[in-house]
Structures are given as structure tokens and as C-alpha cells.
Amino acid sequence: MLSPSPWRERFLDWMRLQGWSVRTTEEYARELPRLFSFLQKRGLERLSEVTRDTIADYRLHLFYLQHRGRPLAPGTQCRCLNAVKAFFRFLRRENYLLVDPAAEVEAPRVRRSLPEVPSEKEVLAILEAPDVKTPLGLRDRAILELLYGTGIRNSELRALRLDELESERRLLQIRHGKGGKQRVVPLGQEAAYWLEEYLRQGRPRFGPRPLEARVFLTKSGQGLSQRHVLGEVVRRAAKRAGVTRRVTPHSLRHAVATHMLRRGAGLRHLQEFLGHASAGTTQLYTRIEVSDLRRVHRRCHPRERGGMGK
């Protein structure tokens, strides 16, 4: 009888070796029981019996599947099928199967909508909302300035370590980027100032443990380990600033890209700045020197030179 149990850990280990994010590996591994249940109901006893038609039928199964009385969203269907495709790719590459039956089955196309972007005026109000007379306010101000100033992701900021800061050169080494990718981004004057203020007057007040290397800490002196913590920092600042639209760490990241693009930044510079990787276009991009990226950052970022809204 087919069972996901012996395959789950092997699949997880393989994905980790590929450098995939923790979130992706866990989501993909959770999809195996649903797949194996489907295969069992079709009377299959071995993975070698799975064919391209089987995977196509599974895609149709996902289309008609309902959760809490509603069909699965196209994005959920796509993620589920991508997990299956990754699993069979693993089986083929590790020689558990001679052919990959899922290789030519396409995942459903998902129409991606861009998040609502706060205006430069709204962002400025959000950045200035924390009470910087308190350690927590200094921390929140530094977090907000880095989110918007560098376009850093939620997970990247939570993982940021003290040895990744180059204060003298005003650079940020992001070593724990999405998919294990690393990049270097300029640290603008506003972000650098508030980061230094937090490190000098805020962080020590949290009583960090001697070996705690993460930059941003909780009140108890531990590293920020949960995604919702940064979300709450942004929501709290937005509420205090009187911004009624929903604002998240990701919408600040998207806002800086939008604002810089409007001010003349090139797409290839933004791709490097944000750490984006596109399978179809990445090879067309030449290596961008940090000095070149710094010039574009100074010229186009709303928090540089002329200031926001000017």
C-alpha cells in the first residue's frame, strides 16, 4: 500500500539541500498525504505506476476539490500541483523513477494582483509614527526605515545579524535571502541613522543575551522569530499615523519599488535591489556593482537627498 511516511523525510532533505525556504519545504511536504490518498483511491500500489495522465487527473481533482464548502483558490491549486511536480522531480533525479510523469503537466495559471501601495506621504507618516523616546519606539522606527529603505523581506529582516551590517560603508549584507540567495544593498542615510540610534540606545535596553547576534529583538532580549511580529509593528505604526488602508511589511517593500520606479530607477537595478530572480530573464542581467546601485538608490529613493514628497 502506498504511504507518504517513508518519502516525506527524504523529500524534505532533498528540498533543504536545494536551498529552498523553510516555508516552501513545509508546504510541499504537507501536500504528500493528499496526493497519496488520491493514488490509493485509484488503486495504485507503486509510484512507478503513476503516469502523465494520473497527474493530469490529479490536477482536475484539485480543480473540483472543495474546502469548507468552497473550491480551492487558483493560487492554492497551483501551489498543490507545484508540490507534486517537485516531488516527482525529486524521485527522478534521485533515480527512484526512470521518468518524471509530472514534467510536462502545467500548473494552473494564476493572475497575480499587485498589493495596494501606500503613497509617499502615507509612508512618511508611518515611518515617523513610533515614539522614539522609548527603546521599543526606536526599534520600531529602525525596523520601518529598513523595511522601506532597503526593500528587505520580512524573513530577511528577522534573520538579520549584527555582522551583516557595514556601518562605515553604509551597506547591508543580506545573507539569508529567499531561496538561500545573498545580496548587498545600500543603507540610505535615514535608515542608517535610525539603525545606529536603535543599536546605541534601544537594543542594549532589551538585555540581549551575550551570544544573541540578531539585530532586532523582542522586549525579552530574544530575536524576532515570528512573522506576525513585524506585521504588528507596521500595523501599529499605520494606525497611529492615521493610515486607514491595510499596510504590511510586504506592501512597504512593494511601495519602495513603485516609488523608485516612478522616480526613474531602472528595472534591472530594482531587481538587484529587491533580490528578485526571474527564470526567464535573470541571465540577461549583467552584474551590477554596489557603487552603481548606490548611485541609483541615492538618486531615486524618496528618503534620499530631497526627501519625501518634494
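The values are calculated or read from the model by the stated rules, or taken from the named source; none is laboratory data. On a predicted model such as this, the values are computed, not experimentally measured, just so you know. Positions of Cβ are generated from backbone atoms using ideal geometry, with glycine treated the same way; all protein chains shown enter the neighbour counts.
Would you pick out the residues in region 249-295 that are modelled with pLDDT under 60, loosely packed, with under 13 Cβ neighbours inside 10 Å and not charged (D, E, K, R)?
Result: Ser278, Ala279, Gly280, Thr281, Thr282, Gln283, Leu284, Thr286, Ser291.
Going by the conditions given, is Leu211 of a type in the set (A, V, I, L, M, F, W, C), at pLDDT below 90 and farther than 26 Å from Val123 by Cβ? Walk me through how you get there before you give the answer.
On the way: of a type in the set (A, V, I, L, M, F, W, C): yes; at pLDDT below 90: yes; farther than 26 Å from Val123 by Cβ: yes.
Yes; evaluated as a whole, the condition is true for this residue.
Please indicate, with yes or no, whether at least one residue in region 165-177 is polar (S, T, N, Q) and in a loop (DSSP other than H, G, I, E, B). Give the steps one after another, and end with the answer.
Within region 165-177, the first condition is being polar (S, T, N, Q), and the residues that meet it are 167, 173.
Then drop every residue that is not in a loop (DSSP other than H, G, I, E, B), which leaves 167.
Checking region 165-177: at least one residue is polar (S, T, N, Q) and in a loop (DSSP other than H, G, I, E, B).
Quick one: in region 218-234, of everything that is at pLDDT 80 or above and in contact with a Ser or Thr (Cβ under 8 Å, 6 or more places away or on another chain), which residue is farthest from Ser119 (Cα to Cα)?
Filtering region 218-234 for residues at pLDDT 80 or above gives 218-224, 229-234.
Within this subset, residues satisfying the condition of being in contact with a Ser or Thr (Cβ under 8 Å, 6 or more places away or on another chain) are 224, 229, 231, 234.
On the way: Leu224: 28, Val229: 23, Gly231: 19, Val234: 15 Å.
Applying the filter and picking the extreme gives Leu224.
Could we say that Glu190 is surrounded by 14 or more Cβ atoms within 10 Å (Cβ to Cβ) and among the acidic types (Asp, Glu) here? First the steps, then the outcome.
Values: surrounded by 14 or more Cβ atoms within 10 Å (Cβ to Cβ): yes; among the acidic types (Asp, Glu): yes.
Spelling it out, Glu190 is indeed surrounded by 14 or more Cβ atoms within 10 Å (Cβ to Cβ) and among the acidic types (Asp, Glu).
Does Gly75 count as free of Cβ contacts under 8 Å to residues at least 40 places away in the same chain and either assigned to a helix (DSSP H, G or I) or not aliphatic (A, V, I, L, M) (or both)? Talk me through it step by step, then tell me what you get.
Numbers: free of Cβ contacts under 8 Å to residues at least 40 places away in the same chain: yes; either assigned to a helix (DSSP H, G or I) or not aliphatic (A, V, I, L, M) (or both): yes.
Taking the combined requirement at face value, the residue satisfies it.
Any residue in region 32-45 that's hydrophobic (A, V, I, L, M, F, W, C): show its pairings with residues that are part of a loop (DSSP other than H, G, I, E, B) and at pLDDT below 90 at Cβ separation under 6 Å, as long as the two are six or more apart or on different chains.
Leu32/Pro4; Phe36/Leu2; Phe36/Pro4; Leu39/Leu2
Considering only region 235-271, state which residues are without any contact (Cβ under 8 Å) to a residue 40 or more places away in the chain, closer than 15 Å to Ser119 by Cβ and among the hydrophobic types (A, V, I, L, M, F, W, C).
Leu261
Please identify the pairs in which a residue from region 201-212 that is of a type outside the set (D, E, K, R) has its Cβ atom under 7 Å from the Cβ atom of a residue that is exposed (fewer than 13 other Cβ atoms within 10 Å of the Cβ), counting only partners at least 6 apart or on another chain.
Once the first residue is of a type outside the set (D, E, K, R) and sits in region 201-212, its partners that are exposed (fewer than 13 other Cβ atoms within 10 Å of the Cβ) give Phe206/Lys219.
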